[in-house]
Amino acid sequence: MSEKRTIGRAELPDDVARAAHQAVVLEWVSLGWLVLTVSLVAVVMGSSQAMRAAWIEDLLSLIPPIAFLVALRVARMAPTRARPYGSHRSVGVGHLVAAVALSVMGVVLVGDSLLGLLTAEHPPIGTFDLFGHTVWQGWFMMAVMALSVPGPMILGHKKLKLAEQLHDRVLYADADMNKADWQTGVATIVGVAGIGLGWWWADAAAAIFVGVSIVLDGWKNLKEAVTNLADRRATTIDGARPHPIIDRAERVAWAQPWVRHAGARVRDEGHVFHLEMFVVPRHGADVTVGRCADLRERIEELDWKLEDVVVVPVAELPEEVHGGRSGDEQSKGSE
């Protein structure tokens with residue numbers, strides 16, 4: 001089995017394997033685009049706060065693609081005796097690193113820009129001679145920022161779809177960062193144009209907008225990263241609701257004739273889930289190893305992300321597990 005077709009012990013379906021390959025290609029393209037953008041902005045940014053903020057954000061945008069590439073490589077390592085759950089948590093670690101970097105730098109940018117606004121700092125934008133003509137440097141600033149907009153707009157849209165398919169939060173955070181990147185480009189163009197019109201405060205205002213957008217992105221991703229590393233119940237990629245695989249797995253358990261009640265405890269390990277299915281047998285039912293193994297196989301067949309599934313017969317469900325309808329209630333509902 002090729003390493004690229006697996007994540008830990010989970011064998012990837014063809015469409016998911018293609019999505020993983022596409023995500024890797026997109027991240028390398030992103031890194032190349034960002035290096036080019038950072039270099040161009042560094043050449044033309046001058047003393048503009050908005051351009052400096054955009055340049056710093058572009059530097060920060062290098063973190064999520066690198067974190068994704070490293071985390072995916074580490075997550076593909078097979079479980080060992082020392083690491084029996086595999087290395088899927090590398091995704092959560094990468095997500096946390098990216099979120100902390102965004103949050104810290106966003107706060108620094110907002111503070112620096114507010115200081116410039118309060119002290120009424122007038123950023124000078126000079127001119128230079130081009131083929132015997134005096135040209136305002138702001139035109140080149142706006143041109144570079146305009147060129148920086150299409151890349152993250154297109155790449156972010158593509159990454160968002162792949163992030164949901166792969167259930168990769170680092171890729172999702174990167175797509176979110178790409179959205180902030182192109183919005184930053186637009187805001188910076190407005191700020192530089194404002195200076196040209198004599199609005200000295202426009203530059204600082206644009207820089208504050210950029211900084212606030214970074215702080216919001218950082219806080220959102222930081223909260224998601226910490227709660228997932230702290231073993232929150234598995235949720236959808238955006239963290240908005242419980243993952244539907246929980247309900248689907250419980251329904252499979254409820255459908256077994258020997259099960260009276262069932263409830264799942266699901267933990268998000270990164271790309272994959274660890275699922276513990278607690279089942280309360282019907283009175284007098286013969287609970288065998290074969291029946292538990294069959295139920296485990298049926299649940300694993302639901303989705304490739306269910307790498308670790310454990311079926312646990314119990315007298316009653318744990319308090320933290322919500323089991324929905326019992327097997328008896330399900331039978332009545334189907335009659």
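Just to confirm the filter: which chymotrypsin sites (Phe, Trp or Tyr not before Pro) across region 130-191 are DSSP coil and have at most 16 other Cβ within 10 angstrom of their Cβ?
Loop-located and lightly packed - F131.
Please report the Cα spread of the chain along all three principal axes, rounded to whole Å, starting with the longest.
94, 42, 40
Test of understanding: extend the Cα→C-beta vector of W199 to 7 Å, then name every residue of region 146-162 with backbone N under 20 Å from that spot.
146
Comparing L36, L12, L222, which has the greatest mean-square fluctuation in the GNM of the chain with Cα pairs linked when under 10 Å apart?
Comparing L36, L12, L222 in the GNM, the peak value goes to L36.
I'd like the antiparallel share, as a percent to the nearest 5, of DSSP beta bridges with both residues in region 244-334.
In region 244-334, DSSP labels about 55 percent of beta bridges as antiparallel.
For the residues E297, E307, what sequence is obtained by ranking on other C-beta atoms within 10 Å, fewest first?
Ordered by Cβ neighbours within 10 Å, fewest first: E297, E307.
Among bridges DSSP assigns within the chain, what percent are antiparallel (round to 5)?
Expressed as a percentage, antiparallel bridges in the chain total about 70.
Treat the count of other C-beta atoms within 10 Å as a stand-in for reagent exposure and order M145, M77, M105 from fewest to most.
Ascending number of Cβ neighbours within 10 Å: M77, M105, M145.
Hey, can you grab everything whose amide H is under 5 Å from the amide H of V280? Only 5+ residues off in sequence or another chain; H modelled, so Pro and N-termini drop out.
Those lying under 5 Å, H to H, from V280 are R260, H261, A262, V314.
Hey, fewest Cβ within 10 Å first, where do S103, S47 land in order?
S47, S103
Looking only at R73, R81, R298, which one moves most when the chain is put into a Gaussian network model with springs between Cα atoms under 10 Å?
The residue with the greatest mean-square fluctuation here is R81.
Karplus couplings for region 105-117 from phi (6.51 cos²θ - 1.76 cosθ + 1.60, θ = phi - 60°), rounded to Hz, Gly and Pro as x?
5, x, 5, 4, 5, 4, x, 5, 6, 5, 4, x, 5
Can you list the residues, at least 5 places off or on another chain, whose amide H is less than 5 Å from the amide H of V311, using H built in the peptide plane?
M277
Out of T6, A17, I189, whose Cα points farthest toward the positive end of the dipole of the chain (charges: +1 Lys, Arg; -1 Asp, Glu; placed on Cβ)?
With unit charges placed on the Cβ atoms, the residue in question is T6.
No value in this document is a laboratory result; all are computed from the given coordinates. What you see is a predicted model, and the numbers here were worked out from it, not measured in a lab. FYI the Cβ positions are ideal-geometry reconstructions off the backbone, even for glycines, and counts take in every protein chain you see.
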